[in-house]
Every structure is written in C-alpha cells, then in structure tokens.
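What follows is a short report on a single structure.
The values are calculated or read from the model by the stated rules, or taken from the named source; none is laboratory data. Quick caveat: nothing in here was measured; it's all calculated off a predicted structure. As a convention, Cβ positions derive from the backbone with ideal geometry for all residues, glycine included, and neighbour counts pool all protein chains shown.
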Amino acid sequence: MSRFALLLTCLLIPCLAACGPTVRDDDDAAPVDFRIWSDDHVSADTLDNNPHDCEVALPPEFSCFNESPEISWEGAPEGTVAFALIFDDPTAGNFPHWAIFNIPGDATGLDRGISGQGGSGIPDGSTELSNGANQSSYLGSCPQAGFVNEYSWRLYALDAELDTAATATFGELENDAEDAEIEMVSMCHVFDGSNSDI
C-alpha cells in the first residue's frame, strides 16, 4: 500500500465511525406492551390439584381478610389519565373481591398491603368499591375448603377519570371503565380453599 493510500485510510476510518449509524436512546426505543403482573404470585405447580389453565397462584397470606398483594404494570398506552382495577372470582359467579378506580395515570403499580387487613392506604384520589363482604377494601381469595377457584384481575387504562359512585356495583364500574377504556389487560391466579385462613 502506498503512503498516500495509507494516509487516506487513516483519515477515512475516524470519519466513517463518526458518521455511521448511532445507537438509539431510550426515547427512541420500541414501546413496551401494556401488561400486568404480581411478584407475589407463585407457580400453580405448588397446588396438588389445579383444574384450571391459570399457571400462577397467590399464597395464603393474601387470602380472605389479609393484605392486598403487590400489583405491577407497564406500557400504559398514550393518553392514559387514570386506571381502574377489578378483581373477582368467575368460578363463583364473578364474586366481587376488590375494585379500585381513578388510580393516577402515572402509576406503575400498587404496593403490597395498601388495602385489606391493616392496609396502609390507597393512592390519593382513588376510590374502592364495596366487596362481597360489604367492605370497601381488598378481600382475598377465599373459596370453600377443598375447592380450587380461578380469579380474574382486569386493569383498564382510561382516557378520563371516572365519576362512578362509591356505592356502585362491580358491574357498573366495569361498564364505566369500558366506556373510557383505551386498553385493558388481565391476569389470573388460582387458590386452593384448603389453604385459606377461614
């Protein structure tokens, strides 16, 4: 290689490196899918008998009148102003366990123990509905002994806060949430009634 070619190569390499493709920063990253989960879930393989398709379970410390589990989510759609969360038991006629709405739109979850026995308090501006035990708080998985029930959690990203009354039913809240819904995600868990504290 001639000295001229060598010199040209040495000059071009830094230029190509500087002018080449750049790594995208976080603002340009692909959007994350809207999803919900709980780190308090355990594998449903811990149950001897699980007739349902749901692959996760909640431990007994979150059953009946105990504290609420940690709930997390990410990827809320653009325009989300508030969230509504509904937890019920389809295997018992959609028995109402916990409903909380007007969770702030910048929230990414609910801390463990905010509701239920000794609850530390729900987020400012949020409202809880009365559950199947006639209490405006979390009511955990509580099937009869010997039964394994499957529970549903539905999280709604809303384009506006709801004016749903605190005396509304879970069904009325669900209708209002669907009217203001941008997107809804769900998860399930199972619970063996022989492990509950009733």
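Observations on the structure shown:
- The set of residues from region 157-186 being closer than 22 Å to residue 92 by Cα and of a type in the set (Ser, Thr, Tyr) comprises 167, 169, 186.
- Against the numbered list (1) under 24 Å from residue 33 (Cβ atoms); (2) under 17 Å from the mean Cα position of the chain (by Cα), residue 114 comes up short only at (1).
- Residue within region 24-42 that is at pLDDT 95 or above, part of a strand (DSSP E or B), within 29 Å of residue 148 (Cα to Cα) and polar (S, T, N, Q) present: no
So that you can scan it fast, the table gives a plain yes or no per residue for (1) closer than 19 Å to residue 165 by Cβ; (2) in contact with a Ser or Thr (Cβ under 9 Å, 6 or more places away or on another chain):
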position: 64; (1), (2): no, yes
position: 75; (1), (2): no, no
position: 88; (1), (2): yes, yes
position: 110; (1), (2): no, yes
position: 114; (1), (2): no, yes
position: 121; (1), (2): no, yes
position: 126; (1), (2): yes, no
position: 132; (1), (2): yes, no
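- Selection from region 162-178 of residues that are surrounded by 18 or more Cβ atoms within 10 Å (Cβ to Cβ) and either charged (D, E, K, R) or under 10 Å from residue 101 (Cβ atoms) (or both): 162, 164, 168, 173, 174, 176, 177
- For region 131-151, a tally of residues being within 15 Å of residue 115 (Cβ to Cβ), of a type in the set (S, T, N, Q) and in contact with a strand residue (DSSP E or B) (Cβ under 8 Å, 6 or more places away or on another chain) returns 4.
- Being in contact with a helix residue (DSSP H, G or I) (Cβ under 6 Å, 6 or more places away or on another chain), at pLDDT 95 or above and part of a loop (DSSP other than H, G, I, E, B) is true of residue 162.
- For region 55-74, residues that are of a type outside the set (Phe, Trp, Tyr), in contact with a Phe, Trp or Tyr (Cβ under 8 Å, 6 or more places away or on another chain) and either buried (at least 18 other Cβ atoms within 10 Å of the Cβ) or over 15 Å from residue 38 (Cα atoms) (or both) total 7.
- Matching residues, region 180-198, being charged (D, E, K, R) and either touching a residue at least 60 places away in the same chain (Cβ under 8 Å) or out of contact with any strand residue (DSSP E or B) (no Cβ under 9 Å at 6 or more places or on another chain) (or both): 183, 192, 197
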